[in-house]
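Scroll down for the structure; my scribbles are underneath it.
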Amino acid sequence: MKSASFFRIAIFVSLVSAAAILLFKFENEKHDPAQVAYEKLPVLEERAKKRFSEARALSPCGLDENRWILAAERKLKIQGAPIPQTEILIAPTFADIELLTFNSNRVYRYTFPQLTAFGPDFLESDKVEAKARRPIAIPGDEYERIVAAISRNTKYAMSSREYGHDGVVYYFKSGEDKCAFAWNPYEDAIGGHLTRISEILSKDPPVVRDINDELKALEDLERAY
(Lines give C-alpha, C1' and ligand atoms only; values in the text may rest on other atoms or scores of the structure.)
Protein backbone atom coordinates (compact mmCIF):
# COMPACT_ATOMS: atom_id res chain seq x y z
CA MET A 1 0.00 0.00 0.00
CA LYS A 2 2.84 2.33 0.93
CA SER A 3 4.59 1.58 -2.34
CA ALA A 4 1.45 2.49 -4.33
CA SER A 5 1.16 5.81 -2.49
CA PHE A 6 4.84 6.50 -3.05
CA PHE A 7 4.41 5.71 -6.76
CA ARG A 8 1.48 8.14 -7.07
CA ILE A 9 3.43 10.84 -5.27
CA ALA A 10 6.42 10.28 -7.54
CA ILE A 11 4.23 10.59 -10.64
CA PHE A 12 2.61 13.78 -9.30
CA VAL A 13 6.02 15.30 -8.50
CA SER A 14 7.23 14.39 -11.99
CA LEU A 15 4.22 15.99 -13.65
CA VAL A 16 4.58 19.14 -11.59
CA SER A 17 8.29 19.31 -12.41
CA ALA A 18 7.63 18.82 -16.11
CA ALA A 19 4.98 21.53 -16.08
CA ALA A 20 7.34 23.87 -14.27
CA ILE A 21 10.09 23.19 -16.80
CA LEU A 22 7.72 23.80 -19.73
CA LEU A 23 6.40 27.00 -18.15
CA PHE A 24 9.94 28.21 -17.49
CA LYS A 25 10.94 27.45 -21.07
CA PHE A 26 7.82 29.18 -22.45
CA GLU A 27 8.39 32.28 -20.34
CA ASN A 28 12.02 32.45 -21.39
CA GLU A 29 11.11 32.05 -25.04
CA LYS A 30 8.41 34.71 -24.72
CA HIS A 31 10.92 37.19 -23.36
CA ASP A 32 13.82 36.06 -25.51
CA PRO A 33 14.86 39.12 -27.63
CA ALA A 34 15.43 37.00 -30.72
CA GLN A 35 12.01 35.37 -30.42
CA VAL A 36 10.29 38.71 -29.81
CA ALA A 37 12.06 40.24 -32.83
CA TYR A 38 11.06 37.26 -34.98
CA GLU A 39 7.41 37.56 -33.97
CA LYS A 40 7.42 41.23 -35.00
CA LEU A 41 8.52 40.50 -38.58
CA PRO A 42 5.02 39.86 -40.02
CA VAL A 43 3.82 43.10 -38.41
CA LEU A 44 6.71 45.03 -39.93
CA GLU A 45 6.00 43.39 -43.29
CA GLU A 46 2.38 44.58 -43.18
CA ARG A 47 3.44 48.09 -42.24
CA ALA A 48 5.96 48.22 -45.08
CA LYS A 49 3.29 47.03 -47.51
CA LYS A 50 0.85 49.68 -46.21
CA ARG A 51 3.47 52.43 -46.57
CA PHE A 52 4.31 51.31 -50.08
CA SER A 53 0.64 51.12 -51.11
CA GLU A 54 -0.25 54.54 -49.74
CA ALA A 55 2.90 56.43 -50.69
CA ARG A 56 3.51 54.64 -53.98
CA ALA A 57 4.18 57.31 -56.56
CA LEU A 58 5.78 56.92 -59.97
CA SER A 59 8.56 54.66 -61.18
CA PRO A 60 11.48 56.22 -63.08
CA CYS A 61 11.48 55.55 -66.80
CA GLY A 62 14.00 53.17 -68.24
CA LEU A 63 14.96 52.91 -71.90
CA ASP A 64 11.73 51.13 -72.84
CA GLU A 65 9.48 53.72 -71.16
CA ASN A 66 11.43 56.62 -72.70
CA ARG A 67 10.75 55.15 -76.13
CA TRP A 68 7.01 55.75 -75.66
CA ILE A 69 7.48 59.44 -74.84
CA LEU A 70 9.92 59.87 -77.75
CA ALA A 71 7.50 58.15 -80.14
CA ALA A 72 4.69 60.54 -79.14
CA GLU A 73 6.94 63.58 -79.55
CA ARG A 74 8.19 62.36 -82.93
CA LYS A 75 4.61 62.15 -84.19
CA LEU A 76 3.86 65.67 -82.95
CA LYS A 77 7.01 67.01 -84.60
CA ILE A 78 6.07 65.43 -87.95
CA GLN A 79 2.75 67.30 -87.79
CA GLY A 80 4.44 70.57 -86.90
CA ALA A 81 3.19 70.69 -83.32
CA PRO A 82 5.54 72.07 -80.63
CA ILE A 83 7.27 69.63 -78.29
CA PRO A 84 5.85 70.28 -74.80
CA GLN A 85 7.77 70.56 -71.55
CA THR A 86 5.04 68.75 -69.62
CA GLU A 87 2.99 65.89 -70.98
CA ILE A 88 1.06 62.75 -70.08
CA LEU A 89 0.83 59.77 -72.42
CA ILE A 90 -2.04 57.36 -71.68
CA ALA A 91 -1.40 53.97 -73.28
CA PRO A 92 -4.19 51.39 -72.91
CA THR A 93 -3.74 47.86 -74.21
CA PHE A 94 -7.11 47.71 -75.96
CA ALA A 95 -8.03 51.34 -76.70
CA ASP A 96 -6.55 54.29 -78.58
CA ILE A 97 -3.49 55.94 -77.07
CA GLU A 98 -4.01 59.51 -75.85
CA LEU A 99 -1.60 62.37 -75.26
CA LEU A 100 -2.08 65.41 -73.00
CA THR A 101 0.31 68.35 -73.33
CA PHE A 102 0.45 71.45 -71.12
CA ASN A 103 1.08 75.02 -72.22
CA SER A 104 -0.11 78.43 -70.99
CA ASN A 105 -2.98 77.25 -68.78
CA ARG A 106 -4.26 74.96 -71.49
CA VAL A 107 -4.22 71.21 -71.91
CA TYR A 108 -3.90 70.14 -75.55
CA ARG A 109 -5.33 66.69 -76.17
CA TYR A 110 -4.55 64.20 -78.92
CA THR A 111 -5.72 60.72 -79.84
CA PHE A 112 -3.84 58.22 -81.99
CA PRO A 113 -6.58 56.27 -83.79
CA GLN A 114 -6.01 52.51 -84.04
CA LEU A 115 -2.75 52.70 -82.12
CA THR A 116 -2.74 50.92 -78.78
CA ALA A 117 -0.11 49.74 -76.32
CA PHE A 118 -0.52 46.23 -77.73
CA GLY A 119 2.20 45.57 -80.27
CA PRO A 120 5.01 47.74 -81.67
CA ASP A 121 3.01 49.95 -84.07
CA PHE A 122 2.97 53.08 -81.92
CA LEU A 123 6.71 52.86 -81.32
CA GLU A 124 7.72 52.02 -84.87
CA SER A 125 5.15 53.54 -87.23
CA ASP A 126 4.41 57.21 -87.87
CA LYS A 127 1.79 56.63 -90.54
CA VAL A 128 -1.12 57.34 -88.20
CA GLU A 129 -1.34 61.05 -87.37
CA ALA A 130 -2.29 62.40 -83.99
CA LYS A 131 -5.91 63.53 -84.04
CA ALA A 132 -6.29 66.81 -82.18
CA ARG A 133 -9.19 67.07 -79.75
CA ARG A 134 -10.63 70.24 -78.29
CA PRO A 135 -8.08 71.81 -75.91
CA ILE A 136 -9.30 72.77 -72.46
CA ALA A 137 -8.52 75.79 -70.32
CA ILE A 138 -7.67 75.14 -66.67
CA PRO A 139 -7.92 77.89 -64.03
CA GLY A 140 -4.48 79.22 -63.14
CA ASP A 141 -4.25 77.75 -59.64
CA GLU A 142 -5.30 74.24 -60.67
CA TYR A 143 -3.10 74.36 -63.76
CA GLU A 144 0.01 75.28 -61.76
CA ARG A 145 -0.72 72.61 -59.16
CA ILE A 146 -1.12 69.91 -61.82
CA VAL A 147 2.13 70.86 -63.56
CA ALA A 148 3.95 71.07 -60.21
CA ALA A 149 2.61 67.64 -59.17
CA ILE A 150 3.87 66.09 -62.42
CA SER A 151 7.22 67.88 -62.07
CA ARG A 152 8.03 66.82 -58.50
CA ASN A 153 6.80 63.25 -58.92
CA THR A 154 8.81 62.68 -62.10
CA LYS A 155 11.88 64.38 -60.62
CA TYR A 156 11.78 62.21 -57.49
CA ALA A 157 10.32 59.04 -58.98
CA MET A 158 11.51 56.01 -57.01
CA SER A 159 8.76 53.42 -56.53
CA SER A 160 9.36 49.73 -56.90
CA ARG A 161 8.17 48.46 -60.27
CA GLU A 162 4.89 46.89 -59.25
CA TYR A 163 2.49 46.73 -62.16
CA GLY A 164 -1.24 47.31 -62.29
CA HIS A 165 -3.96 45.02 -63.50
CA ASP A 166 -6.03 46.82 -66.10
CA GLY A 167 -3.51 47.22 -68.89
CA VAL A 168 -3.19 51.02 -68.90
CA VAL A 169 0.21 52.68 -68.55
CA TYR A 170 0.60 56.39 -67.81
CA TYR A 171 3.85 58.09 -68.83
CA PHE A 172 4.62 61.49 -67.30
CA LYS A 173 7.24 63.86 -68.70
CA SER A 174 8.53 67.10 -67.18
CA GLY A 175 11.27 69.31 -68.60
CA GLU A 176 13.80 68.02 -71.08
CA ASP A 177 14.53 64.60 -69.64
CA LYS A 178 12.44 63.83 -66.54
CA CYS A 179 10.20 60.84 -67.18
CA ALA A 180 8.27 58.49 -64.90
CA PHE A 181 5.39 56.08 -65.28
CA ALA A 182 2.66 54.20 -63.43
CA TRP A 183 0.22 51.41 -64.11
CA ASN A 184 -3.39 52.16 -63.26
CA PRO A 185 -5.11 52.23 -60.98
CA TYR A 186 -3.75 52.56 -57.48
CA GLU A 187 -6.36 53.18 -54.86
CA ASP A 188 -5.57 55.91 -52.34
CA ALA A 189 -1.99 56.33 -53.45
CA ILE A 190 0.06 59.15 -54.94
CA GLY A 191 0.27 57.37 -58.28
CA GLY A 192 -3.46 56.73 -58.18
CA HIS A 193 -4.34 60.40 -57.80
CA LEU A 194 -2.02 61.33 -60.67
CA THR A 195 -3.54 58.74 -63.00
CA ARG A 196 -7.07 59.80 -62.03
CA ILE A 197 -6.23 63.46 -62.79
CA SER A 198 -5.04 62.25 -66.20
CA GLU A 199 -8.33 60.44 -66.78
CA ILE A 200 -10.39 63.48 -65.75
CA LEU A 201 -8.43 65.70 -68.16
CA SER A 202 -9.09 63.29 -71.01
CA LYS A 203 -12.88 63.37 -70.49
CA ASP A 204 -15.38 65.58 -72.32
CA PRO A 205 -15.97 67.79 -70.55
CA PRO A 206 -13.50 67.51 -67.65
CA VAL A 207 -14.99 68.50 -64.31
CA VAL A 208 -12.78 71.10 -62.60
CA ARG A 209 -14.27 70.24 -59.21
CA ASP A 210 -13.12 66.62 -59.64
CA ILE A 211 -9.63 67.80 -60.55
CA ASN A 212 -9.60 69.95 -57.41
CA ASP A 213 -10.67 67.02 -55.25
CA GLU A 214 -7.93 64.79 -56.65
CA LEU A 215 -5.30 67.52 -56.27
CA LYS A 216 -6.26 68.07 -52.64
CA ALA A 217 -6.19 64.33 -51.91
CA LEU A 218 -2.81 64.03 -53.66
CA GLU A 219 -1.25 66.96 -51.79
CA ASP A 220 -2.63 65.77 -48.43
CA LEU A 221 -1.15 62.32 -48.99
CA GLU A 222 2.22 63.75 -50.02
CA ARG A 223 2.31 65.88 -46.86
CA ALA A 224 1.80 62.73 -44.80
CA TYR A 225 5.12 61.37 -46.03
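For Arg209, state whether it is under 12 Å from Ile90 (Cα atoms) and either open to solvent by 50 Å² or more (accessible area, probe 1.4 Å) or part of a helix (DSSP H, G or I) (or both). First the steps, then the outcome.
Details: under 12 Å from Ile90 (Cα atoms): no; either open to solvent by 50 Å² or more (accessible area, probe 1.4 Å) or part of a helix (DSSP H, G or I) (or both): yes.
For Arg209, the condition - under 12 Å from Ile90 (Cα atoms) and either open to solvent by 50 Å² or more (accessible area, probe 1.4 Å) or part of a helix (DSSP H, G or I) (or both) - is not met.
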So which pairs qualify, if the first residue must be in the range 69-84 and closer than 18 Å to Tyr170 by Cβ, the second must be among the polar types (S, T, N, Q) and open to solvent by 20 Å² or more (accessible area, probe 1.4 Å), the Cβ gap must be under 8 Å, and the two must be at least 6 apart or on different chains?
Pro84/Asn103
Please work out which residue is most open to solvent (accessible area, probe 1.4 Å), limiting yourself to the range 168-184 and to residues that are in contact with a strand residue (DSSP E or B) (Cβ under 8 Å, 6 or more places away or on another chain) and free of Cβ contacts under 8 Å to residues at least 60 places away in the same chain.
Trp183
Can you spot a residue in the range 183-199 that is over 20 Å from Arg109 (Cβ atoms), among the acidic types (Asp, Glu) and not in a helix (DSSP H, G or I)?
yes
The correct count of residues that are surrounded by 14 or more Cβ atoms within 10 Å (Cβ to Cβ) and not in a loop (DSSP other than H, G, I, E, B) in the range 104-131 is 9
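Within the group Glu124, Glu98, Glu142, Glu129, which residue is among the charged types (D, E, K, R) and modelled with pLDDT of 95 or more?
Details: Glu124 fails: modelled with pLDDT of 95 or more; Glu142 fails: modelled with pLDDT of 95 or more; Glu129 fails: modelled with pLDDT of 95 or more.
Just a single option satisfies the conditions, and that option is Glu98.
Criterion first (within 26 Å of Ala189 (Cα to Cα), open to solvent by 100 Å² or more (accessible area, probe 1.4 Å), modelled with pLDDT of 75 or more and not polar (S, T, N, Q)) does Arg56 satisfy it? I'd like the intermediate steps shown before the answer.
Numbers: within 26 Å of Ala189 (Cα to Cα): yes; open to solvent by 100 Å² or more (accessible area, probe 1.4 Å): no; modelled with pLDDT of 75 or more: yes; not polar (S, T, N, Q): yes.
So Arg56 fails the test.
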When Glu144 is run through (1) in contact with a Phe, Trp or Tyr (Cβ under 6 Å, 6 or more places away or on another chain); (2) open to solvent by 70 Å² or more (accessible area, probe 1.4 Å), the failure sits at (1)
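Looking at the range 73-89, which of its residues are open to solvent by less than 70 Å² (accessible area, probe 1.4 Å) and closer than 12 Å to Glu129 by Cβ?
To start, the set of residues in the range 73-89 that are open to solvent by less than 70 Å² (accessible area, probe 1.4 Å) comprises 73, 75-76, 80-81, 84, 86-89.
Passing the criteria: Lys75, Leu76, Gly80, Ala81.
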Can you find a residue in the range 1-19 that is open to solvent by 60 Å² or more (accessible area, probe 1.4 Å), more than 18 Å from Phe172 (Cα to Cα), at pLDDT 60 or above and more than 33 Å from the chain's Cα centre (by Cα)?
yes
Please specify each residue of the range 150-164 satisfying the condition of being in a helix (DSSP H, G or I), over 16 Å from Ser104 (Cα atoms) and either open to solvent by less than 50 Å² (accessible area, probe 1.4 Å) or small (Gly, Ala, Ser) (or both).
Asn153, Thr154
Checking Ile78 against (1) β-branched (Val, Ile, Thr); (2) closer than 16 Å to Thr111 by Cα; (3) modelled with pLDDT under 90, which test does it fail?
(3)
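The values are calculated or read from the model by the stated rules, or taken from the named source; none is laboratory data. Remember, it's a predicted structure, so these values are computed and weren't measured experimentally. Don't worry about glycine lacking a Cβ; one is built from the backbone with ideal geometry, like all the others, and counts go over all protein chains shown. Just so you know, the surface numbers come from the protein's heavy atoms only, side chains and all, with ligands and any DNA or RNA stripped out. Shrake-Rupley method; radii C 1.70, N 1.55, O 1.52, S 1.80 Å.
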